[in-house]
Amino acid sequence: MPGRILVVDDDPTICELIQEVLRSVEIESLTATHGGMALTHLATEKFDAVFLDVHMPSPDGIELTRKIRSGGLNYSTPIMIITGEDNRALLGRAFEAGANFFLYKPIGRHDVLRLIRATQGSIEHERRRFRRVNVQLPVTLEFGSERLNGSTLDLSIGGMFVQSSRALPVGSAVQVSLELKPDPPMLLAARVLRVAGNDCMGLQFDKINAQQTKKLQEFLLPLILAKEE
């Protein structure tokens, strides 16, 4: 079963209901009662699935779906739209925006768990894509006028853990040059999320595009699959 799901609905009762159903099968979830709060969570954390209410103050569920699909950590995360309507035009707009399934009100336990089961293949695919791989690659970090050389300790499509001459403060925005030989170095924007000791730090890639994601995936997937054999 998935490990962490985001539930977004401006009705706290709906959030609590879905959260309780998920908790009953040991699925951790995070709730948000407006779109702005949801966007903050989506920008900083990878979720296994997202439930979005279609009718909320802007951004509503369809707007949020478009924003999620435009890029970032959750751009291919399964999305379930929560709705009380059976409106074909609305369903069409939601699918066009990138929604995967619909959860209809009134919401029942069986309905929630059935959707989770239906998305298991997508969820496992996403977990594999974002799995961390222990690999050492040369990396250069540019922070203002400072240039730090180091090496990755692990790497995923979402970010990396790096050891360099010194650790930068949490929140620092850096330009990364990552060597994926025999290809030219990848140039990525990233942000320091955590620091370990004086010389190690966790970086999250910022605004990674589809081409960069594909390149990282092509590098990482053979290493991930080799470990699973």
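Nothing in this text is a laboratory measurement; each read-out follows from the coordinates by a stated rule. Bear in mind that the values here come from a model prediction, so they are computed numbers and not experimental data. Cβ sites come from the backbone with ideal geometry, for glycine too, and all protein chains shown count toward neighbours.
Ranking of Val170, Val139, Val133, Val176 by neighbouring Cβ atoms within 10 Å, starting from the fewest: Val170, Val133, Val176, Val139. The slack between Glu142 and Arg194, meaning 0.36 nm per residue of separation minus the straight C-alpha distance, is 17.0 nm.
Past 30 Å, Cα to Cα, is the threshold; run Lys67/Lys181; Lys46/Lys215; Lys105/Lys207 against it and keep the listed order. Pairs exceeding the cut-off: Lys67/Lys181; Lys105/Lys207. Here's the picture: charge each Lys and Arg Cβ at +1 and each Asp and Glu Cβ at -1 in region 4-129, and of His41, Thr119, Ile18 the one pushed furthest to the positive end of that dipole is Thr119.
Tell me which GluC sites (Glu not before Pro) from region 51-160 have a DSSP coil assignment and no more than 13 other beta carbons within 10 Å of their own. Numbers along the way, then the final one.
Numbers: sites: Glu63, Glu85, Glu96, Glu124, Glu126, Glu142, Glu146; in loops: Glu85.
Here the GluC sites (Glu not before Pro) that fit, given the DSSP loop and packing criteria, are Glu85.
Neighbour counts of other Cβ atoms within 10 Å put Phe51, Phe161, Phe95 in the fewest-to-most order Phe95, Phe161, Phe51. Cα centroid separation, region 46-64 to region 157-188: 31 Å.
In a GNM of the chain with a 10 Å cut-off on Cα contacts, which of Gln211, Gln175, Gln163 has the highest mean-square fluctuation? Most flexible of the set in this elastic network: Gln211.
Restricted to Cα atoms, region 4-129 shows a radius of gyration and a Dmax of 13.1, 36 angstrom.
Residues within the reach of a label modelled at Lys105 (point 7 angstrom out along Cα to beta-carbon, backbone nitrogen below 11 Å), restricted to region 43-61, are 53-56.
Other residues within the sphere of radius under 12 Å centred on the Cβ of Ile107, judged by their own Cβ, net out at -3 (K and R +1, D and E -1). Across q = 0.13, 0.17, 0.21, 0.25 Å⁻¹, region 136-229 modelled as identical point scatterers on its alpha-carbon atoms has Debye log10 I(q)/I(0) values of -0.41, -0.69, -1.03, -1.39, in the order of the q list. In terms of surrounding Cβ atoms within a 10 Å radius of their Cβ, His34, His110 rank from fewest to most as His110, His34.
If the chain between Asn87 and Asn209 were fully stretched, how many nm would it gain, using 0.36 nm times the residue separation less the Cα-Cα distance?
Working: separation 122, 0.36 × 122 = 43.92 nm, distance 3.33 nm.
Full extension of this stretch gives 40.6 nm more.
At full extension, Ala173 and Arg132 could sit 12.6 nm farther apart than now, given 0.36 nm per residue minus the alpha carbon distance.
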